[in-house]
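To start, the structure itself, in structure tokens.
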Amino acid sequence: APGAHNVCRLLTRRAHGFYARDAGVAHRQNLGLLRKLICQESTKFKNVWTTHSASPIACERGRIYLDNYQCCISSIAQEPRILYQKPKCSKSEKIEDALLLECPLGEMLPSPSDYKSSLIVLTVQNWLLRLSADSGEILEKVYLAGSCCKFRYLSWDTPQEVMFVKSAQNKLPAAARQVSIQQSVLFCLAVFQVLPLSFIGMLEINKKIFGNSVTDVAVSNGILIVMYSMGLVRLYNFQAISEQFMEQPFDLGHEFNWNGQVGVVGKYPFGLPCNIKITDTPPLLFEASSLENAFQIGGYPWHYIITPNKKKHKGVFHICSLKDNALAKNGIQDMKCCSLEPDWIYFHPDMSGRIIHVGPNLIKVLKLKEVKNNTEQTEIAEDFTIVANRENCVNNNTVTVTASGRVVKKRRNLLDDDPEQETFKIVDYEDELDLLSTVAVTQIGADGKAHLDFHCNDHGILLKSIPLLESWDVTYSHEVYFDKDLVLHIEQKPNRRFSCYVYQMVCDTAKDDECSSHEKTERAFCKRGGRIFEY
């Protein structure tokens with residue numbers, strides 16, 4: 001911008017839409033209008049479709065996947081419609097895990113299909129497939145390894161940029177353990193750059209290097225995370241490991257000669273070579289001990305959250321500086337809940353550096369700030385709170401009258417997450433609309449009622465409440481997804497029975513009926529097929 005040389009001022013002006021030629025201005029304005037439409041009183045969310053399945057139901061960006069990803073349904077249209085339906089696959093073709101891959105902005109890609117959303121799936125036979133999200137067509141396929149290594153999990157290292165495939169933990173059969181056969185490789189990791197899909201490297205987590213008590217491993221934001229059975233968490237620099245221990249780089253589809261084997265990288269039957277051989281303990285970046293390996297890093301300046309590694313401290317969270325391990329002022333967070341399900345805490349996904357602490361009837365949003373007169377120390381302060389509506393609390397005192405006329409009062413202590421009291425079950429963040437969403441549930445007898453609430457992400461003010469019409473059983477597993485003008489509720493019942501309820505934003509038809517014919521004509525401009533487009 002001419003005359004503007006301050007970066008902060010530039011970014012602020014761009015966020016407020018000062019530069020009309022900026023491609024993101026119209027998009028931000030549209031999302032701002034959509035947020036106002038969603039939160040206005042006359043807008044309702046209607047249950048437009050429900051389906052049931054004997055297999056898990058997955059949801060990605062408005063697409064519903066049934067029958068182990070063989071059937072894809074778009075829930076974005078006025079009525080959900082089938083995008084594709086594949087023939088039933090055999091057990092050997094079963095999909096173990098999947099990730100949605102979306103096109104990066106501002107990059108030239110080698111194939112036109114790369115600009116459309118696709119699904120990366122991992123099959124039970126160690127095939128990594130890239131499928132078109134709209135047709136299910138196979139765009140790319142990579143064979144990972146033979147039967148010696150069973151890959152099972154897909155996850156992001158850096159979202160939409162780098163992903164990794166992780167094997168199940170290698171365990172020897174009981175017969176092999178009885179004859180003292182040793183298994184030194186615990187996990188295998190294969191790391192890929194996406195769009196275009198390229199192979200970075202494969203490595204083994206060997207107990208001779210990392211120790212006998214390794215229980216899990218992951219890669220996140222360039223950090224190799226190794227977890228141990230005694231609650232220890234160790235962090236290593238993955239890039240430094242790959243540079244130090246990589247024996248040879250390989251490209252997918254190229255011929256290779258590796259340890260006497262000749263084949264093509266990523267093709268059957270050779271798969272991928274294990275080209276990162278860790279022969280010595282890599283430099284340790286950081287380690288911490290936490291109950292159940294619960295460990296998170298975030299905030300600004302960098303802080304981490306742990307629970308002291310003793311069972312009596314469950315539900316107590318310590319927030320410490322990553323720089324010197326110093327406990328922040330007011331850094332011990334304890335809601336002192338008496339509940340069946342523990343409270344949970346995490347760094348806010350809006351990248352503000354704040355912390356969300358969720359209890360049965362209270363949500364605290366905390367912020368990090370400098371201590372007055374001591375810039376070296378950080379203080380945990382309360383930004384805002386959201387409190388469950390417990391006006392109709394159950395009376396803890398029960399009164400009975402004996403045959404002799406004596407009045408007996410009995411007091412029963414309710415748990416903080418007693419089903420008969422409104423309890424928070426889910427807290428999420430919709431980044432495009434900048435809304436904090438919560439699901440609160442009250443269950444009396446067999447009938448449970450839930451509502452999805454939207455709160456201002458800056459101040460916690462309640463902006464909208466949406467009742468979920470289906471009964472909510474607190475003993476079942478539930479997931480609720482809120483994406484722009486769409487709400488999906490996925491429920492898992494006993495005996496692997498799954499249900500999906502789809503809600504869409506619609507005009508308030510009850511008020512339409514009360515309008516004059518002139519008002520109805522005006523409303524027709526903002527309503528098309530029951531969905532709001534403009535207002």
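The values are calculated or read from the model by the stated rules, or taken from the named source; none is laboratory data. Note that this is a predicted model, so its numbers are computed, not measured. Positions of Cβ are backbone-derived with ideal geometry, glycine not excepted, and every protein chain shown enters the neighbour counts. Side chains are part of the model used for accessible areas, which takes the heavy atoms of the whole protein and leaves out ligands, DNA and RNA. Shrake-Rupley method; radii C 1.70, N 1.55, O 1.52, S 1.80 Å.
Assess whether Glu287 counts as being free of Cβ contacts under 8 Å to residues at least 60 places away in the same chain and among the acidic types (Asp, Glu).
yes
Would you pick out the residues in the range 237-268 that are more than 34 Å from the chain's Cα centre (by Cα) and open to solvent by less than 80 Å² (accessible area, probe 1.4 Å)?
Selection gives Gln248, Phe256, Trp258, Gly260, Gly263, Val264.
For the range 429-473, give me every one of the strands (runs of 3 or more DSSP E) that falls completely inside it and has 1 or more residues that are farther than 18 Å from Gln40 by Cα and in contact with an Asp or Glu (Cβ under 9 Å, 6 or more places away or on another chain).
Passing ranges, in order: 435-444, 447-456.
I'd like the residue in the range 479-496 that is open to solvent by less than 60 Å² (accessible area, probe 1.4 Å), among the charged types (D, E, K, R) and part of a strand (DSSP E or B) and, out of all such residues, is modelled with the lowest pLDDT.
Asp483
Counting only residues that are open to solvent by 50 Å² or more (accessible area, probe 1.4 Å) and either in contact with a helix residue (DSSP H, G or I) (Cβ under 9 Å, 6 or more places away or on another chain) or farther than 20 Å from Ala54 by Cα (or both), how many does the range 86-109 have?
Qualifying residue count for the region: 5.
Tell me the residue from Thr442, Thr438 that is open to solvent by less than 60 Å² (accessible area, probe 1.4 Å) and over 28 Å from Glu79 (Cα atoms), please.
Checking each option against the conditions leaves just Thr442.
Has the range 497-506 got any residue that is farther than 17 Å from Thr438 by Cα, at pLDDT 55 or above, loosely packed, with under 12 Cβ neighbours inside 10 Å and not polar (S, T, N, Q)?
no
When the range 161-188 is examined, which residues are found to be touching a Leu at 6+ places or on another chain (Cβ under 7 Å) and at pLDDT 90 or above?
The answer is Met163, Phe164, Val165, Lys166, Gln169.
Please indicate, with yes or no, whether at least one residue in the range 216-230 is closer than 30 Å to Pro87 by Cα, surrounded by 19 or more Cβ atoms within 10 Å (Cβ to Cβ) and in contact (Cβ under 8 Å) with a residue 60 or more places away in the chain.
The answer is no; no qualifying residue exists.
Using beta carbons and a limit of 7 Å, which pairs, at least six apart or on different chains, have the first residue in the range 32-50 and at negative phi and the second one of a type in the set (Asp, Glu) and open to solvent by 60 Å² or more (accessible area, probe 1.4 Å)?
Val48/Glu79; Trp49/Glu79
I need the full set of residues from the range 67-85 which are open to solvent by less than 60 Å² (accessible area, probe 1.4 Å) and either without any contact (Cβ under 8 Å) to a residue 24 or more places away in the chain or more than 22 Å from Glu470 (Cβ to Cβ) (or both), in order please.
Asn68, Tyr69, Gln70, Cys71, Cys72, Ile73, Ser74, Ala77, Leu83, Tyr84
Return only the number of the condition from (1) part of a strand (DSSP E or B); (2) open to solvent by less than 40 Å² (accessible area, probe 1.4 Å); (3) more than 27 Å from Arg390 (Cα to Cα); (4) of a type outside the set (D, E, K, R) that Gly353 does not satisfy.
(1)
Looking only at residues that are of a type in the set (S, T, N, Q) and within 23 Å of the chain's Cα centre (by Cα) in the range 295-332, which one is most open to solvent (accessible area, probe 1.4 Å)?
The qualifying residue most open to solvent (accessible area, probe 1.4 Å) is Gln296.
Open to solvent by 60 Å² or more (accessible area, probe 1.4 Å), farther than 30 Å from Lys166 by Cβ and of a type outside the set (D, E, K, R): is that true of Asn47 in this structure?
no
Only one of these conditions is not met by Glu292: (1) surrounded by 14 or more Cβ atoms within 10 Å (Cβ to Cβ); (2) more than 16 Å from Phe187 (Cβ to Cβ); (3) in contact with a Ser or Thr (Cβ under 9 Å, 6 or more places away or on another chain). Which number is it?
(1)
How about the range 134-171: which of its residues are part of a strand (DSSP E or B), under 17 Å from the mean Cα position of the chain (by Cα) and surrounded by fewer than 17 Cβ atoms within 10 Å (Cβ to Cβ)?
Scanning the range 134-171 gives Tyr153, Ser155, Trp156, Thr158.
Run down Val233, Val262 and say which single residue is free of Cβ contacts under 8 Å to residues at least 12 places away in the same chain and assigned to a strand (DSSP E or B).
Val262
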